[in-house]
Amino acid sequence: MVRKWKRLGHEQTKTALLALLPSFVVFSVFTIYPIFHSLYLSFFNVSLVATTKRYVGFGNYTTLLNNPTFRRAITNTLHYTMGVVPVGIFLALVIAVLLNNRLRFLGFFRSAFFTPVITSMVAVSLVWTWMLEPNYGLINSLLSKIGITGPGWLTDPKWAMTSVIILSIWKNLGYNMVIFLAGLQDIPAEVYESAQIDGATSIQSFFRITIPMIKPTLGFATIMSIMGSMKVFGQIYVMTGGGPANSTMVVVYYLYQQAFEFYRTGYASAVAWILFAVILVFTIIQMRFFRTDY
Amino acid sequence: MLKKVLTLVLISTLVLGMVSVASAQVKIDYWHYLSGVNAEIHEAKVAEFNELHPDIHVEVLYTGNQFATRDKLMTSVAGGQPPHVALMDQFWPPLMVSTGALVPIREFVDPEVYFADYNQISLDTVTIDGEQWTMPFSMSNQILFYNKDMFREVGLDPEKPPATWDELVEYGLKLTRDVDGDGKTDEWGINFTTRANVGAVYGFITFLWQAGGQIYNDDFTAAAFNNEAAVEAVNFWIDLAHKHKILTLSPPQEGFEVGRIAMQVSSTSSIAQTAAKVDFDFGVAPLPAHKEKVTGVGGSSMGIFRTTPEQEAAAWTFVEWMANEQNNLEWSMATGYTPLRKSVLNSPEYAQYLEENPYIQVVIEQAEYARARPNLVSYADVSRVLGIAVEEALFANIDPQQTLDNAVLEANGYIW
């Protein structure tokens, strides 16, 4: 401890701290302070525009947990996560393995899959809204060519969540793909060679070599995807507004609605902290699950 | 060299600053949410005001559609940095008043005298607890647009639009057709907004009133939209969509304008825009009635925010000018909005305009039984809850009683 403090006194450390100070101030004011302030606000009945606030203890939390719409938002968020993460991870892994080979137009394919990731969510959601339009939309027009009457993708409560899930998988595919590619390229070629000499088939080497070797990468991608899915907002905001009939009401959209449509700042802060707790628990469980012992 | 440049910049800034102080021009920020043709007309008016008033400069800013503008406005009020003037939808002022952000009209003029020329209904939309807080600017009511060509095609009299709910269904059944014979409907009888997040509740409340229902009880202490009348209204919507199948829940975009929707519940504020867009024989009719003959009123008003006395005075000059007789007349004739002033309604210019645009006559007739929604702080929450309940019953095709009962319970949590 003493040694640490001494080291802080070093000329270099001082300079480093000084250099960090400006960004740390900004970070504190705009990130750290709001985070803890929202925890404080979550114990009050306070409106965005009102001047008074009333202490309610855990009142916001108990109201929330009994609210049917919030419960619906929780189950919808889990539904969304279960829809997006396994399929998304699986597809990304398959594509990464394919693109890890020496293919023609490799660069083209890699950029093609990555482009959606860097495109704005709002722009993507608008384009998909048009494609999913039930009467003249591209998707239903194509389906009708092969004799299928497409559903009202975003207007039918039975289909709306599925539509959002499809879009989200497509949008995030490239991100996980790049992570997996990096993981795959870290595996030394010799391992595969010796397996080949021992007579392993390519399927065997995939399950016995590739999967174990990229387990940390797989873990990272899964944790990030689950965290991202729990926080889904942009596509819901643009495409469905939580509807129809609350079928796509997710936690962050609920939070947004409470905070910026109903101006219930305290209540919305409580939503944020419940979401934080849920994500924290999920992440701890996963970190245990994906822990590697080298 | 750099020093010299900097000095020069500094001096010129100071000089420019002094010039503007010398002319004592008051700068006013004005936010609005109008779009399309209406925005062009509106912004041209602001430019005209600036030309006529060299001592005031109004900086006009489009702040996104209604929903985006409302969010920005509330945030700016919360942050203590509102614009000087904003165009507001009917339901924003109650909340703003509760925060003390608005300046009431009585600080500028005597409302009794000043508003003597205004229609009662337009005053109702800006009156909160007996006091006018904002300046009425435009007023619309809900109306039925219909496609006379489509009426002729199915043998309906284009001069006899449906007058009752039953006729609406009867006409709708004839007008809903599978034109290309592929087994799928491609022309629908009737359409209106059914999604809660884009304001379906505004239309629903009119149907609720027509069925004899109410949003609140008589003394506004509780929500009352779960009685027999409310259930009947929701069931009517459900029947239109699921039993008669003349209302599609996935309407084609701009379906009415392209001739795939025969009748559309719309607002008088879009008469001019729609008439300009369509190439068929366009008709405008009063909304079909049920137990009661009533239509909903929508509209906007201009609010002045608490700033400095000098800026508030300049803001009033601007607001008063925008809503004066001549400008209200021009605005009404250019857009289809209902005139707010009796003098405008009875002016010879407007009479001539009505003669040239007979369908606007309908608007004026309807204004007689138009009804304003209650101006309460809780209305935004209560109506939102109602809208979601109706959407739920309609889209999931479930019995409305239970859904409405739950919604009333939830809505009562917002009323105190």
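Every number here is computed from the coordinates shown, using simple stated rules; none is lab data. Since the structure is predicted, the reported quantities are computational estimates derived from the model, not experimental observations. All Cβ positions, even for glycine, are placed from backbone atoms using ideal geometry, and neighbour counts span all protein chains on display.
Data table
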quantity: Separation in nanometres of the label points that stand 7 Å from Cα toward Cβ, at residue A:148 and residue A:11; calculated: 7.1
quantity: Three-way shape call for segment B:220-302 based on the alpha-carbon gyration tensor, with the a/c threshold at 1.5; calculated: oblate
quantity: Dipole moment magnitude, nearest 20 debye, chain A about Cα centre, only Lys, Arg, Asp, Glu C-beta charged; calculated: 720
quantity: Angle in degrees between helix B:358-367 and the longest Cα principal axis of chain B, rounded to the nearest 10; calculated: 90
quantity: Per-peptide average of other Cβ atoms within 10 Å, ordering A:157-163, B:272-278 highest first; calculated: A:157-163, B:272-278
quantity: Semi-axis lengths (Å, descending) of the ellipsoid that matches the C-alpha gyration tensor of segment B:111-213; calculated: 39, 16, 13
quantity: Nearest 10 degrees, 0 to 90: helix B:325-335 Cα axis against chain B principal axis; calculated: 40
quantity: Kirkwood-Stokes translational diffusion coefficient of segment A:12-109, alpha-carbon pairs, 20 °C, 1.002 mPa s, µm²/s; calculated: 111
quantity: Cα gyration tensor shape for segment A:133-267, rounded if a/c is under 1.5, else prolate or oblate; calculated: oblate
quantity: Peptides B:384-390, A:235-241, A:186-192 ordered by average Cβ neighbours within 10 Å, highest first; calculated: B:384-390, A:235-241, A:186-192
quantity: Kyte-Doolittle at least 1.0, axis length at least 18 Å by Cα - qualifying DSSP helices, chain A; calculated: A:11-27, A:68-99, A:106-118, A:160-185, A:265-289
quantity: Between helix B:200-210 and chain B: long-axis angle, C-alpha atoms, 0 to 90°, nearest 10; calculated: 60
quantity: Volume per residue of the C-alpha convex hull in segment A:61-289, rounded to whole Å³; calculated: 152
quantity: Average beta carbon contacts from partner chains per residue of A:236-244, 10 Å cutoff; calculated: 4
quantity: Convex hull volume of the protein assembly as shown per residue (C-alpha atoms, cubic angstrom); calculated: 251
quantity: Largest-first ellipsoid semi-axes for segment A:157-205, taking √(5λ) over the Cα gyration tensor eigenvalues, angstrom; calculated: 37, 14, 4
quantity: Helix-derived mean residue ellipticity, 222 nm - over chain B, DSSP H n ≥ 4, -39500 (n - 2.57), to 500; calculated: -14000 deg cm²/dmol
quantity: Fraction in percent of alpha-carbon pairs per bin - 10 Å, chain B; calculated: 4, 20, 28, 24, 14, 6, 3, 1, 0
quantity: Charge-dipole axis of the protein assembly as shown as Lys and Arg at +1 and Asp and Glu at -1 on Cβ define it, positive-most pick from A:139, A:28, B:283; calculated: A:28
quantity: Taking N as its residue count, the alpha carbon Rg of segment B:263-406 over 2.2 N^0.38 Å; calculated: 1.34
quantity: For segment A:102-207, convex hull of alpha carbons as volume per residue, Å³; calculated: 170
quantity: Listed residue pairs exceeding 30 Å between alpha carbons, taken from B:245/B:293; B:160/B:291; A:231/B:72; A:171/B:245; A:145/B:148; A:158/B:245; calculated: A:171/B:245; A:145/B:148
quantity: Average partner coverage of A:256-264, which counts Cβ from other chains inside 10 Å; calculated: 4
quantity: Length released on extending from residue B:186 to residue B:357, taking residue separation times 0.36 nm less the Cα-Cα span; calculated: 58.4 nm
